[in-house]
Amino acid sequence: MPNKHNLKKSANTMSNNDRKPLISGNWKMHMNHFEAIQMVQKLFYDLPLPVYDRIDVSIHPPFTSLRSLQTVFEVDHMPIALGAQNCHNEDSGAFTGEISPLMLAKLNVAYVIVGHSERRQLLGETDRQVNAKVHAVLKHGMTPIVCVGETLEQRQAGSAATVVSTQITNSLKEVTAAQVSDLIIAYEPVWAIGTGKTATPADAQAMCAHIRSQMESKWGNTAAQSLRIQYGGSVKASNIAELMVKNDIDGTLVGGASLKVEDFAPIVNHFS
Ligand code: 13P
């Protein structure tokens, strides 16, 4: 499955040419399971198979579609990874309405988005909870996609880098260097999500480089060069190329443009 990095080069000379890009579609609260099946079937038939040798693709539907998509991916041999949008940090218990990471692992979920800004902002999710979820996801052999990003006010106040650094420090407490190597960090500036405003490729690269250098100072060069950093926020076919040429951007977390085949297929096709 995912996370096959080309580690032939020594870690300190790696670039995003050496890290396999990950393009993830975060469907948020969209599509029932019939629509989900239709969407992935169309997507699969629209994309040339060799593209999956060059990149990893993950789809993160609502919980209600996970089982249906798992079946379709397996029966039709689609090399698309199944992703979830959230989970609880406990394996089981009296947590009405929550989903356990163990349940996700049983569905062959490969990636779990953790700490999305919509959960942080709308549902009050804290770094502490994000940290507990990161450990829960790792414990069950899945890969967390840990979301970080500043608000517009924080960017305008010049504190974007500090905000992101604090989110990383607090969300990744007690994570080992070996775990960091396979981790995904998604840099999603809050002001760019669903607004049509993308961070400039230079700004996105600057923050992703800042993140990698912070990771390096804590977990070492090998782990920092191996982990993948996605950019998210109004990614579309028209801006994927300018983002992906940047050295520290290893993929994208796509919201709105992942909901229609005609928008998402050209993003993935950029790599064919
Ligand atoms: P948009 O691509 O709709 O801006 O959403 C980004 C996002 O939140 C992905 O997780």
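The values are calculated or read from the model by the stated rules, or taken from the named source; none is laboratory data. The model shown is predicted, which means the values in this text are computed figures rather than measured ones. Neighbour counts are summed over all protein chains in view; Cβ atoms, including those assigned to glycine, are modelled from backbone coordinates with ideal geometry. Please note that ligands, DNA and RNA were not included when accessible areas were found on the heavy atoms of the full protein model with its side chains. Shrake-Rupley method; radii C 1.70, N 1.55, O 1.52, S 1.80 Å.
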Any chance you could count how many residues in segment 99-154 are within 14 Å of the ligand (Cβ to nearest atom), closer than 26 Å to residue 80 by Cβ and aliphatic (A, V, I, L, M)? 6
When residues of segment 102-134 are limited to those that are in contact with an Asp or Glu (Cβ under 7 Å, 6 or more places away or on another chain) and free of Cβ contacts under 8 Å to residues at least 60 places away in the same chain, the one surrounded by the fewest Cβ atoms within 10 Å (Cβ to Cβ): 102
Can you name the residue in segment 167-203 that is open to solvent by less than 20 Å² (accessible area, probe 1.4 Å), more than 15 Å from the chain's Cα centre (by Cα) and within 13 Å of the ligand (Cβ to nearest atom) and, of all such residues, is farthest from residue 14 (Cα to Cα)? 192
Could you please give the count of residues in segment 231-260 that are buried (at least 19 other Cβ atoms within 10 Å of the Cβ), part of a helix (DSSP H, G or I) and among the hydrophobic types (A, V, I, L, M, F, W, C)? 4
Out of segment 154-198, which residues are in a loop (DSSP other than H, G, I, E, B), farther than 26 Å from residue 110 by Cα and touching a residue at least 12 places away in the same chain (Cβ under 8 Å)? 195, 196, 197, 198
Which residues, taken from segment 48-79, are part of a loop (DSSP other than H, G, I, E, B) and surrounded by 22 or more Cβ atoms within 10 Å (Cβ to Cβ)? 61
Can you confirm whether residue 99 is modelled with pLDDT of 95 or more and open to solvent by less than 30 Å² (accessible area, probe 1.4 Å)? no
Considering only residues that are charged (D, E, K, R) and open to solvent by 10 Å² or more (accessible area, probe 1.4 Å), look in segment 213-230 and name the one that is farthest from the chain's Cα centre (by Cα). 218
Selection status of residue 154, open to solvent by 40 Å² or more (accessible area, probe 1.4 Å) and polar (S, T, N, Q): yes
Condition (residue is among the β-branched types (Val, Ile, Thr), more than 13 Å from residue 232 (Cβ to Cβ) and at pLDDT 95 or above) applied to segment 185-192: is it met by at least one residue? no
From the option list 132, 110, 105, single residue qualifying as over 15 Å from residue 185 (Cβ atoms) and assigned to a strand (DSSP E or B) is 110
Residues of segment 232-272 being over 20 Å from residue 208 (Cβ atoms), of a type in the set (A, V, I, L, M, F, W, C) and free of Cβ contacts under 8 Å to residues at least 60 places away in the same chain, which ones? 237
Scanning segment 209-240 for residues that are within 16 Å of the ligand (Cβ to nearest atom) and of a type in the set (S, T, N, Q) gives 230, 234, 238, 239
